[in-house]
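A short worksheet on the structure shown next.
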Amino acid sequence: MKSTVRRKQIRTLSALLLGSVLLSGCSFDNEYGRLGMPEPVTEEGNRILSLWQGSWLAALIVGVLVWGLLIWAIVAYRRKEGDGLPEQTRYNVPLEILYTVAPLLMILALFYFSQRDQTILTKVDDSHSHSVNVVGWRWSWAFNYLDEGVYEVGTPGEPPVLWLPVDEKVRFELTSPDVIHSFWVPAFLMKMDLVPGRVNEFALTPNTEGVFMGKCAELCGVDHSRMLFDVKVVTRAEYDAHIADLKERGQIGKIDSGRTDIAGVS
């Protein structure tokens with residue numbers, strides 16, 4: 001009686017596991033297929049999404065294999081009435097080699113694909129159309145449009161807006177005058193730290209118009225949660241009109257500190 005109930009429980013568990021696997025992979029074009037990631041709005045985002053999905057697929061394959069072996073072992077080697085103590089074995093060289101080499105190969109494969117994509121995504125060359133210096137400071141942001149010689153600046157109460165022209169590659173220079181911050185736009189599928197005394201760089205090409213939320217992803221102090229900004233991706237004509245508006249408002253120069261009342265604006 002007990003063995004019958006146990007077999008039913010095992011079959012039910014197997015069906016639930018198989019169902020979850022099949023349902024999670026119905027479509028790679030929807031939110032479930034992206035495995036929690038937002039739909040990318042940059043040309044580079046698809047590479048990041050593919051790496052994310054591939055890593056999860058590899059983990060899923062390993063998981064299914066482990067689950068299968070566990071269920072098989074439970075069924076095949078379950079204790080039966082009248083059974084005594086099972087045979088005790090020590091050492092199994094082929095098995096020990098397998099569970100040592102297999103994880104090593106998996107780690108090396110994940111390292112290869114991660115390093116390959118990271119090298120491509122962080123490479124900065126002269127193919128960009130313009131540059132933006134992102135200054136993260138406690139606790140808001142300043143955006144210096146380096147080619148146009150103008151800036152945006154915000155406060156914790158009034159988050160700034162970073163304007164970018166659609167389908168044009170932009171190079172980001174990330175700097176901080178105080179502590180470590182992190183420039184994160186979830187829809188870009190890209191995040192990089194701002195480290196005091198160091199300039200970090202990356203480049204990407206936004207290919208979807210719209211307004212996208214950004215935030216600091218590094219705990220940096222009391223107002224960290226209010227360290228927000230928006231990114232507005234627009235046509236080149238709208239971008240040029242906004243730059244002209246900044247010049248009319250007198251927001252000319254470059255902010256290094258996040259403050260406009262000290263010698264940081266030139």
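The order of the peptides 196-203, 143-150 by mean Cβ neighbours within 10 Å, most packed first, is 143-150, 196-203.
Considering only DSSP beta bridges where both residues belong to the stretch 116-178, give the percentage that are antiparallel (nearest 5). Once the DSSP bridges in the stretch 116-178 are tallied, antiparallel ones form about 60 percent.
Summary value for the stretch 137-266: 32 percent relative contact order, contacts being C-alpha pairs under 8 angstrom separated by 6+ residues. Of all DSSP bridge pairs formed entirely within the stretch 130-248, close to 70 percent run antiparallel. When a/c is below 1.5 the answer is rounded, else prolate if a/b is larger than b/c, else oblate, so apply that to the stretch 130-248 with a ≥ b ≥ c taken from the square roots of the Cα gyration tensor eigenvalues. The shape class here is prolate.
When peptides 82-89, 160-167, 122-129 are ranked by their average number of other Cβ atoms within 10 Å per residue, the highest-first order is 160-167, 122-129, 82-89.
Computed from the coordinates by the stated procedures, all read-outs in this text should not be read as laboratory data. Please read all numbers here as calculations on a predicted model, not as lab measurements. Positions of Cβ are backbone-derived with ideal geometry, glycine not excepted, and every protein chain shown enters the neighbour counts.
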